[in-house]
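No value in this document is a laboratory result; all are computed from the given coordinates. These numbers were taken from a predicted model, which means no experiment stands behind them. Positions of Cβ are backbone-derived with ideal geometry, glycine not excepted, and every protein chain shown enters the neighbour counts.
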Amino acid sequence: MKPLKITIFQAYLFWENTEKNLTNLGLRLSNIKEKTDLIILPEMFNTGFTMNVEKCAEKIGGPTTYWMLEQAKKFQAVVAGSLIIEEDGKYYNRFIWMRPDGTFNKYDKRHLFSLAKEDELFTAGKKRTIVELHGWKICLQTCYDLRFPAFSRNLNAAYDILLYIASWPDRRISHWRALIPARAIENQAIAIGVNRVGYDGNQVYHSGCSMCVGPDGNVIYYKPEDEDLYTFTLTADDLLTTREKLPFLKDADAFKLVE
């Protein structure tokens, strides 16, 4: 695995205003002055976490995925984040992994947040998505998925990085701060969580606390409260050493998720 340079954007989002969000995000990303391999944005980065699907949904190839492609080309990096996608009359909270050449992977959020009635408006995904970048295997997850460890279980070292994008409210931020390190330790992987900041249109406050945690539980990056655009580099040394010295993954229970 080559060293992987990652840019996290813990962003303030404008409620249900795609044009304003894309303009602002583009301006802020222009502050990236060093080469990066991956730019990570929060959940529903173009609208905020809204249930107003009829107003905010797009199709693949719409303004937001086009913007993601333009940014990927500009930085010659993968751009990752989720938005509301309408497809065949259904709505998905879809994580897009956009490459500079226009190819992309998708992950549809499996665990829909029933407290906000997301489960009544969106269709849940059924499969995990694991992508590869410079030799790193990365498992894509979204917000509420963090509470359900069976879905992210790292059997047979299927992935190296567990990546969560989120709109996680401050009122439950202690859970976020506890669960991301737990996922890193139990899966012997690097766990990254990218959250938003600021109030949304429902006056729910988000305090960020985006973080990157190593397989030993050590914090590599952590930022509460403020908007932050931060680039750091991951190397595989600590990950591989941890797995070699403490080969816990081979003792994990084997199971399959069923519908």
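Once fully extended, how much extra length lies between Leu115 and Thr235, figured as 0.36 nm per residue of separation less the alpha-carbon to alpha-carbon distance?
Value of the extension gain: 39.4 nm.
Could you name the aspartates and glutamates in cross-link range of Lys33, using Cα to Cα under 16 Å and dropping any fewer than eight places away on the same chain?
The reachable aspartates and glutamates, counting only those whose Cα sits under 16 Å from Lys33, are Asp228.
Suppose every Lys and Arg Cβ carries +1 and every Asp and Glu Cβ carries -1, with no other charges. What dipole size does the chain come out with about its Cα centre, to the nearest 20 debye?
I would put it at about 340 debye.
Sort out for me the Cα centre separation of the stretch 89-130 from the stretch 180-259, rounded to whole Å.
20 Å
Can you tell me the Rg and Dmax of the stretch 4-249, counting just the alpha carbons, in angstroms?
That works out to 16.7, 52 Å for Rg and Dmax.
How much of the DSSP beta bridge set in the chain is antiparallel, as a percent to the nearest 5?
In the chain, DSSP labels about 65 percent of beta bridges as antiparallel.
Please list, in order, the residues from the stretch 37-58 whose amide nitrogen is less than 18 Å from a point placed 7 Å along the Cα→Cβ vector of Lys90.
Within reach of a label on Lys90: 53-54, 57-58.
Taking each pair of distinct Cα atoms in the stretch 3-84 once, what is the resulting Kirkwood hydrodynamic radius in Å?
In the stretch 3-84 this quantity evaluates to 13.0 Å.
What aspartates and glutamates sit close enough to Lys5 to cross-link, taking a C-alpha to C-alpha distance under 12 Å and skipping anything fewer than 8 places away on the same chain?
Within the straight-line limit of under 12 Å, Lys5 reaches these aspartates and glutamates: Glu34, Asp37.
Starting from 0.36 nm per residue, how many nanometres of slack lie between Thr23 and Thr129 once their C-alpha separation is accounted for?
Roughly 35.3 nm would be gained on extension.
So what's the net charge close to Phe122: Lys and Arg +1, Asp and Glu -1, counting the other residues with Cβ under 9 Å from its Cβ?
-2
For the chain, what is the calculated [θ] at 222 nm in deg cm²/dmol (nearest 500), taking -39500 (n - 2.57) for each run of four or more DSSP H residues and dividing by its residue count?
-6500 deg cm²/dmol
What's the extension gain from Asn52 to Tyr66 if we count 0.36 nm per residue and subtract their Cα-Cα distance?
Full extension of this stretch gives 2.9 nm more.
Report the one residue of Leu25, Thr241, Val213 whose Cα lies farthest in the direction of the positive end of the charge dipole of the chain (charges on C-beta: Lys and Arg +1, Asp and Glu -1; origin at the Cα centre).
Checking the options against the dipole of the chain, the answer is Thr241.
Looking only at the stretch 216-233, which residues have a backbone nitrogen under 20 Å from a spot 7 Å from the Cα of Lys33 in the C-beta direction?
Only 227-233 fall inside the zone, counting backbone N under 20 Å.
For Lys127, which aspartates and glutamates qualify as cross-link partners when the Cα separation must be under 14 Å and same-chain residues fewer than eight apart are set aside?
Asp108, Asp145, Glu259
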